[in-house]
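Below you'll find the structure, written out as structure tokens, and then a few comments.
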Amino acid sequence: MSNKPSAKAIARLNATTLFPEIKKGTLIKNPSLFAIRGFFIFNVTKKGVPMTEWYLLFQGFDAPAVVSQKKPEIPKAKKDESPIPVAIIQIEDSDLMNFMSGGLTGSRGIVNGKIKIAGAMELAEQLEEIFRKAKGAEKTLAYLDHKRGKSEKAKARL
């Protein structure tokens, strides 16, 4: 028996819907995010079990941001640049939704053990601002409304 989660289990994760929503236009085309250089690796868990990884790569003004489940190639640093910093974030799927919506701050999540960070801490500190500028709260709330509407329709059919 494989320890790898099924495609169906991954498809039901909030992260599977939220990251593509964040990607749609807002994150990639937001000029206020162009100055950021960093690579975020999100290890998304469900009840402590690793489920999936998502990658956010910000290359500064050189290229648009990348949001993907497939690990992107990190460009080599130019002569006068330092390498792109990397922050690895481990978070429960339900806490990710709370974090993206603004209900859980990064510092509170770290103190409470809901968010674990390895690597470039100063980069990780920018994450709340990134989600805010990418309209993460609005997109997360729209997702919840959509999800709530689906469950109410299902209850009505019963």
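Observations
- The single residue among 20, 5 that is modelled with pLDDT of 80 or more and in a loop (DSSP other than H, G, I, E, B) turns out to be 5.
- Flag for residue 23 being on the phi > 0 side of the Ramachandran plot and touching a residue at least 40 places away in the same chain (Cβ under 8 Å): no
The values are calculated or read from the model by the stated rules, or taken from the named source; none is laboratory data. A quick note: this is a predicted structure, and the numbers were derived from the prediction, not measured. Methodologically, a virtual Cβ is constructed for each residue, glycine included, from the backbone with ideal geometry; neighbour enumeration extends over all protein chains shown.
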